[in-house]
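Please read the structure below before turning to the comments.
The values are calculated or read from the model by the stated rules, or taken from the named source; none is laboratory data. This structure is a prediction, so every number in the text was calculated from the model and none was measured. Quick reminder, even Gly has a Cβ in these numbers, built from the backbone with ideal geometry, and neighbours come from all protein chains shown. Quick note on the areas: whole protein, heavy atoms, side chains included, nothing else; ligands and nucleic acids left out. Shrake-Rupley method; radii C 1.70, N 1.55, O 1.52, S 1.80 Å.
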2 protein chains.
Amino acid sequence: MELEEILKGIKPVDYKWIEKARKRTAQLVMPPRALGKLHEISERLCGIQKTLKPSVNRKAVLVMAGDHGVANEGVSAFPQEVTGEMIKTFLRGGAGINAISRQVGAEVWVVDMGIIPVLNPNAIQGGDRLLVHKIAGGTANLAQGAAMTRKEAEQAVVTGFQLATELFHKGVEILGTGDMGIGNTTPSAAIGTVIIGTTIDEMVGRGTGVDDQGLSRKIDAVRNGIQINQPDRKDGLDVLAKIGGFEIGGIAGCVLAGAFHNRPVVIDGFISTAGALVAHALCPQVADYMFAGHCSEESGHRAMLKYLELEPILDLGMRLGEGTGGALAMGIMEGALRVFNEVLTFEEAGVTDK
Amino acid sequence: MELEEILKGIKPVDYKWIEKARKRTAQLVMPPRALGKLHEISERLCGIQKTLKPSVNRKAVLVMAGDHGVANEGVSAFPQEVTGEMIKTFLRGGAGINAISRQVGAEVWVVDMGIIPVLNPNAIQGGDRLLVHKIAGGTANLAQGAAMTRKEAEQAVVTGFQLATELFHKGVEILGTGDMGIGNTTPSAAIGTVIIGTTIDEMVGRGTGVDDQGLSRKIDAVRNGIQINQPDRKDGLDVLAKIGGFEIGGIAGCVLAGAFHNRPVVIDGFISTAGALVAHALCPQVADYMFAGHCSEESGHRAMLKYLELEPILDLGMRLGEGTGGALAMGIMEGALRVFNEVLTFEEAGVTDK
């Protein structure tokens, strides 16, 4: 499917379903709206899925991976080979996202959107969970020019859309977005700065843990990247192409797919939300279909969520990425649906209402 | 067991286990402490259980129920018969705590600590989950005198301790405390005011949703209760007896039992934390063994948690009680343990450390 066609196919959530869901909530045997955000979550899920029997039983996380030319500027605490090494760890089931996904019962799929090493799924433990859609072996250095071409940016978004679409067609009812890519808080901070219009300092944080000098190099890289590339904040594809990353484009595609197919997408932290900002720039209606799994410890994340008008479900000082915050929040969301679907009404329970 | 013996048996958590756990966390294949509070949770659990293989696999919630003489002051939005009606709903599996407990895989047990109606477990659907330990058919009106005798207060605490102890002996690895009792935010607010030393206004909230007049009656009831009874804030049993409730005493006993048996106890919202304040007044070391499941929407709860130096795991605007916030947090805690137990080390994963 072409991007234009995707964008045309996205409609705002039908608020009639949310209103119907609020009426059901009002009948549940508890004081009015006594479970706070759990009610808002279940009602939004009713709106998205157009039902009063919402379900997030089948869950999946798509971990989008890519490498970044800007890593050459010394913006990360970890060397670039860690991207590929971590992908192997995901496939072995040994990383944070695997542990948390097992907790909530979510499948984990890993996508090579554009990492440097060439991985052969048939030769790797757990390789059946690796989807290779490499756009290139890492982006170009955004501090010196465009990270990718506009065509590559569109390819990244459409690839993410197609992979998410396949999962939805297989029966996945809720999708979490994850990321892996050494250096990827730098393009994410650049995207946040441009689309939201914050200062660079507000958006650049320590990522995996750079020291003061590394932080200063990150700030320089973002400043140079924006000055040299002059991305158009109203053109999501331009922003992605000039200062983004392949995995960030893939995440944007996942977000579009949720909105297109009436399925909830749970975004994770700083990088996932940068992807969401790109998707939102392409099509603001996507916000209706997104949930913010958590608020990251990465400094600019709160401003990103505020811009998207999303309230994070969790706030646990996490800053790992991989999709961990989104996956953990799926358990809360499923709990919210159990309340909605399983709690008796005052009438059914025979309890006196006030 | 006598209360005195219980209190003597409680030791502070051994911080050596927490230090050992921190060393393991530092080896996990992720940036240092990148999962924030999840690490703190898993490390505290190692300290409590004295192990580097912590488990919260078997979970239970004890919902303590009691009625309150102070309900006659018009302090609740719901009539008093709702206490007994809700107990039947819990036993049928149809309330909020049941739905959330199913989500996290926790057993729900309901305790009649002192409700007005006489319920026969053999004659009620799901009655095998009802434990009858009625101290009296509701407390006396705390606004006019002591809610119960000192002996009854001790009985409530020891009963809670014994019930929790039985669950731990059966293999329960983590216990959540819950409450049901129309009017019970009033004694909880009184306990908070006295033990913490806040103003009454700061501690009295709308509970299940009283209007302005009801709120004013609640404030009067708490003020009168404290003036007439003059509870000694340093004597937890005196506070419980004069301005408490049977279920609040039972919850205090659960908290003591966790500390006594080296098992984590997850407290819920305003009423559970009032019980925790009583336990803390009896034995400050209990704080080491407690987790705050969430921060309630009830206005005084945040000050209670601050006093106990507990950081809530969730903050979702919930104010239902029943144990719902604590139960929901158990899923997060189990996720934290999966990370601790299942994530590979840098060495195992063959990933380059920084």
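Odds and ends about this structure:
- Near B:Leu237: Cβ cut-off under 14 Å, other residues only, Lys/Arg at +1 and Asp/Glu at -1. The net charge is -2.
- Placing unit charges on the Cβ atoms only, positive for Lys and Arg and negative for Asp and Glu, gives region B:197-258 a dipole magnitude near 60 debye about its Cα centre.
- Think of it as helices only: each DSSP H run of n ≥ 4 in chain B is worth -39500 (n - 2.57), and spread over all residues that comes to -15000 deg cm²/dmol at 222 nm.
- In Å², nearest 10: area of A:Leu131 left accessible to a 1.4 Å probe: 40 Å²
- Rotationally averaged projected area of chain B (alpha carbon convex hull; nm²): 16.8 nm²
- Neighbouring Cβ atoms from other chains, within 10 Å of the Cβ of residues in B:338-349, number 5 on average.
- Cβ-based charge dipole, region B:170-250, positive-most Cα from B:Ile182, B:Ile196, B:Ile228: B:Ile228
- Net charge of Cβ neighbours under 14 Å - reference A:Thr159; Lys, Arg +1; Asp, Glu -1: -4
- Three-way shape label, the protein assembly as shown, alpha-carbon gyration tensor, a/c 1.5: prolate
- Partners of B:Lys53 within straight-line reach, counting lysines whose Cα lies under 24 Å from its Cα and excluding those fewer than 8 residues away in the same chain: B:Lys11, B:Lys16, B:Lys20, B:Lys23, B:Lys37, B:Lys170.
- Neighbouring Cβ atoms from other chains, within 10 Å of the Cβ of residues in B:323-332, number 3 on average.
- For region B:207-266 and region A:199-251, distance of Cα centres in Å: 52 Å
- For peptide A:39-46, the mean count of partner chain Cβ atoms within 10 Å of a residue's Cβ comes to 1.
- Summed over the residues of chain A and divided among them, the accessible surface reaches 34 Å² per residue at a probe radius of 1.4 Å.
- Taking Cα atoms only, the orientation of helix A:15-27 departs from the longest principal axis of chain A by about 50 degrees.
- Overall shape: prolate for region B:103-155, with the ratio a/c of the largest to smallest alpha carbon gyration tensor axis at 1.5 or above and a/b above b/c.
- Think of chain B as having a plus end and a minus end, set by charges on the Cβ of Lys, Arg, Asp and Glu; of B:Ala21, B:Leu277, B:Met318, B:Ala21 sits farthest toward the positive end of this dipole.
- Nonpolar atom fraction for the protein assembly as shown, defined as the carbon and sulfur part of the 1.4 Å probe accessible area, stands at 47 percent.
- When the accessible areas of A alone and B alone are added and the area of the pair subtracted, with a 1.4 Å probe, the result is around 4600 Å², both sides summed.
- One Cα centroid belongs to region B:1-64, the other to region A:145-168; the line between them spans 44 Å.
- Contact order for chain A, expressed relative to its length and based on alpha carbon pairs under 8 Å spaced 6+ residues apart, stands at 24 percent.
- Acute angle (nearest 10 degrees) that the helix A:246-261 long axis makes with the longest principal axis of chain A, alpha-carbon atoms: 30 degrees
- Taking a sphere under 10 Å around the Cβ of A:Asn57 and counting the other residues whose Cβ falls inside, with K and R at +1 and D and E at -1, yields a net charge of 0.
- Compared with the dominant principal axis of the Cα atoms in chain B, helix B:270-282 is inclined by about 80°.
- Taking all protein chains as they are arranged and a probe of 1.4 Å, the heavy atoms of A:Arg58 leave approximately 80 Å² accessible to solvent.
- Dipole magnitude of region A:229-351, debye to nearest 20 (Cβ charges: Lys/Arg +1, Asp/Glu -1, about Cα centre): 380 debye
- Other copies of A:Gly197: label-to-label distances in nm, shortest first, labels 7 Å along the beta-carbon direction: 4.9
- Cα centre as origin, Lys/Arg/Asp/Glu Cβ charges: region B:1-156 dipole, Debye: 1200 debye
- Peptide ranges A:211-223, B:175-187 listed from the most packed, as the mean C-beta count within 10 angstrom indicates: B:175-187, A:211-223
- The convex hull built on the alpha-carbon positions of region B:217-351 has an orientation-averaged projected area of 9.9 nm².
- Packing-based ranking, highest mean first, of A:71-78, B:13-20, B:340-347 given that Cβ atoms within 10 Å are counted: A:71-78, B:340-347, B:13-20
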